[in-house]
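The next block holds one structure in the form of structure tokens; read it before the comments.
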Amino acid sequence: MRRTYPLVLAVLFALSIGLLLPPSAHAAPDAVIVVSGNISSDTTWTNGNVYYVTGDVTVLTGVTLTLEPGVIVKFQSTRVDKGSLT
């Protein structure tokens with residue numbers, strides 16, 4: 001029994017570290033944001049959200065779309081016949 005005591009302490013310590021991590025380390029996304037259509041003003045897609053593209057998205061001339069590092073963008077599965085990503 002004497003040898004298992006350090007092992008039990010190590011396991012409890014590891015579990016407590018997981019509980020003390022900041023919420024962002026194991027949290028679900030803040031929101032799932034459905035996107036399609038024109039982006040007509042400067043827009044930033046922020047880390048922590050999931051952006052789900054369900055149709056054509058056009059960033060209009062003179063407008064900037066900024067994606068923060070780590071942002072997640074998912075696309076609805078569809079067949080693409082035309083268009084480009086530049």
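Inspect the stretch 75-86 for any residue being touching a strand residue (DSSP E or B) at 6+ places or on another chain (Cβ under 9 Å), at pLDDT 60 or above and small (G, A, S) and give the result as yes or no. Yes: one or more hits. Inside the stretch 40-74, residues that are in contact with a strand residue (DSSP E or B) (Cβ under 9 Å, 6 or more places away or on another chain), assigned to a loop (DSSP other than H, G, I, E, B) and loosely packed, with under 11 Cβ neighbours inside 10 Å make up a count of 2.
The values are calculated or read from the model by the stated rules, or taken from the named source; none is laboratory data. What you see is a predicted model; the values in this text were computed from it and never measured. Using ideal geometry, Cβ is built from the backbone for each residue, glycine included, and neighbour counts are taken over all protein chains shown.
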